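In what follows, a structure is listed as structure tokens, so that the remarks can point back to it.
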Amino acid sequence: MKTSTLLSSALIKQEIRDACKDLVLPDDQLRLLMQKFIDEVNKGLAKATHDDAIVKCFTTYVQDLPDGTEKGNFLALDLGGTNFRVLLITLDGQNFDMKSKIYAIPQSLMLGTGTQLFDHIAQCLALFVKDLKLQNEVLPLGFTFSFPLSQHGLTEGYLVRWTKGFNCSGVIGEDVVALLEEAINRRNDVKIDVCAILNDTIGTLMSCAWKNQNCRIGLIVGTGSNACYVEKTKNAQCAIPGNFSEKKPHMLINTEWGAFGERGVLDFIITEFDRAIDENSINPTKQLFEKMISGMYMGELTRLVLEKLVNAGLLFGGKCPGDLRKRGKFFTKYVSEIENDPKGRYTNCREILAELGLRNVSDQDCENVRYVCSIVSRRAAHLVSAGIAALLNKMGEDNVTVGIDGSVYRFHPHFHDLMTAKISELQPYKFDLMLSEDGSGRGAALVAAVASQRR
Ligand code: BGC
């Protein structure tokens, strides 16, 4: 390469670094974030401040961790990620069997009426049960519903807000269990006993705890992001007396950390790219922490940075294919795929750029695209790590296992390692990160199992 080309590519690299610098979070900023997060968690937990709190820390009424003796056939529904699933789970000691079916939720349903959504859910459930010829049995069901719920008990949960791509009318403020039961009764062709409603973080924690008694935190880094953890019952101040046992030492708390950052709390790290994502979302000013982390937004964040670099003449010689200018065209899975190319090879990167209409891209441009992907995914991993480190500090115990599920954590090639390194830097306790085998399904069955035994 000529000296002048080398020089200009070094200059371009530097300018790209400068353009991305706000996306790099030094430890002192992460530590400040941890402090702010814990302040918010404490506001969410305390009765006096809960109503006005941003990080709600909802009481889940789940107080028993599984002990491996759970038995029986359970149905589970899983709504809230990219797909909707119906499952039949058989638990028997440490054996576990699962049959499941995935149903698409078209965007028209995600943005339609609540009645349409719940009728669709009930229809899928009925088809599934009849397929298995179980329509004459009364089956206990655990409903994983991965949105913020204000729960009054294990089978009573009022939707506080929709998140991710959902916005169905007539559901906010309603008891989601009642809506499901009404839809099942409208059909009147299957017998279901809804035993529990739970968040996907709770399902993940329970599922991992079934295998590993140290599991005390459940984390999702998928379409959305959220964490739950084991709190002392006496600190769950918002739990409704009579609906839980004061004698049991623990209560699982669903933090709903996705909402963190609202009302300016994270302005010190919010970038122009985050603002653009927020403004174009269906829930502006809401779920800001989630928008900096999760799979619903990561691809688009990357695209916005790439577009800026092209406009500044720092990528692709300043020429931009039409698709790279279109919102939503750079998928989150591209970030994982591009970062999965071995060092110095750009096979996935070139394939993806070709899909977007760019051919004959130089190695240097590919390297720069990869750099942008890594900056966006690293920031997400570091933000999640700060949240987990703050919870570990709050729990103050060694050897906590964090059960994790979600497409970003599962498929990104470095997310796990980035988290392990950063959490170790940010807090002193020993911990483990454990990928959940089937977070929502088995977890929902386990919660339903404990609840139906109690009945
Ligand atoms: C929801 C949470 C959920 C998370 C992960 C967020 O948007 O508010 O309830 O746990 O996504 O699915």
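The values are calculated or read from the model by the stated rules, or taken from the named source; none is laboratory data. This structure is a prediction, so every number in the text was calculated from the model and none was measured. Note that each Cβ is placed from the backbone with ideal geometry, even for glycine, and that neighbours are counted across all protein chains shown. These accessible areas exclude ligands, DNA and RNA; they are computed on the full protein's heavy atoms, side chains included. Shrake-Rupley method; radii C 1.70, N 1.55, O 1.52, S 1.80 Å.
Which of the following residues is over 23 Å from G295 (Cβ atoms) and touching a residue at least 40 places away in the same chain (Cβ under 8 Å): L219, L205, L154, L149?
So the residue among L219, L205, L154, L149 that is over 23 Å from G295 (Cβ atoms) and touching a residue at least 40 places away in the same chain (Cβ under 8 Å) is L154.
Filter the stretch 351-365 down to the residues that are more than 29 Å from the chain's Cα centre (by Cα) and part of a helix (DSSP H, G or I), then identify the one that is nearest to F273 (Cα to Cα).
By that ranking, first place goes to D365.
Going through G72, G81, G93 one at a time, which residue ends up being out of contact with any Leu (no Cβ under 9 Å at 6 or more places or on another chain), open to solvent by less than 70 Å² (accessible area, probe 1.4 Å) and closer than 17 Å to A449 by Cβ?
From the options G72, G81, G93, the qualifying one is G93.
Of all residues being out of contact with any helix residue (DSSP H, G or I) (no Cβ under 8 Å at 6 or more places or on another chain) and in contact (Cβ under 8 Å) with a residue 12 or more places away in the chain in the stretch 356-388, which is farthest from Y409 (Cα to Cα)? Just the residue, please.
My answer is D363.
Any chance the stretch 380-397 includes a residue that's of a type in the set (D, E, K, R), within 23 Å of N212 (Cβ to Cβ) and either open to solvent by less than 10 Å² (accessible area, probe 1.4 Å) or not in a helix (DSSP H, G or I) (or both)?
Scanning the stretch 380-397 turns up at least one residue that is of a type in the set (D, E, K, R), within 23 Å of N212 (Cβ to Cβ) and either open to solvent by less than 10 Å² (accessible area, probe 1.4 Å) or not in a helix (DSSP H, G or I) (or both).
I need the full set of residues from the stretch 270-298 which are within 16 Å of the ligand (Cβ to nearest atom), assigned to a loop (DSSP other than H, G, I, E, B) and open to solvent by 10 Å² or more (accessible area, probe 1.4 Å), in order please.
Residues satisfying the conditions are S281, I282, N283, P284, T285, K286.
Restricted to the stretch 162-181, and to residues that are buried (at least 16 other Cβ atoms within 10 Å of the Cβ), out of contact with any His (no Cβ under 9 Å at 6 or more places or on another chain) and not hydrophobic (A, V, I, L, M, F, W, C), which residue is farthest from C57 (Cα to Cα)?
E181
For the subset of the stretch 133-152 comprising residues that are open to solvent by 10 Å² or more (accessible area, probe 1.4 Å) and at pLDDT below 95, which member is nearest to the ligand (Cβ to nearest atom)?
P140
Just to be sure I understand, how many residues within the stretch 305-339 are without any contact (Cβ under 8 Å) to a residue 12 or more places away in the chain and either in a loop (DSSP other than H, G, I, E, B) or open to solvent by 40 Å² or more (accessible area, probe 1.4 Å) (or both)?
Within the stretch 305-339, residues that are without any contact (Cβ under 8 Å) to a residue 12 or more places away in the chain and either in a loop (DSSP other than H, G, I, E, B) or open to solvent by 40 Å² or more (accessible area, probe 1.4 Å) (or both) number 5.
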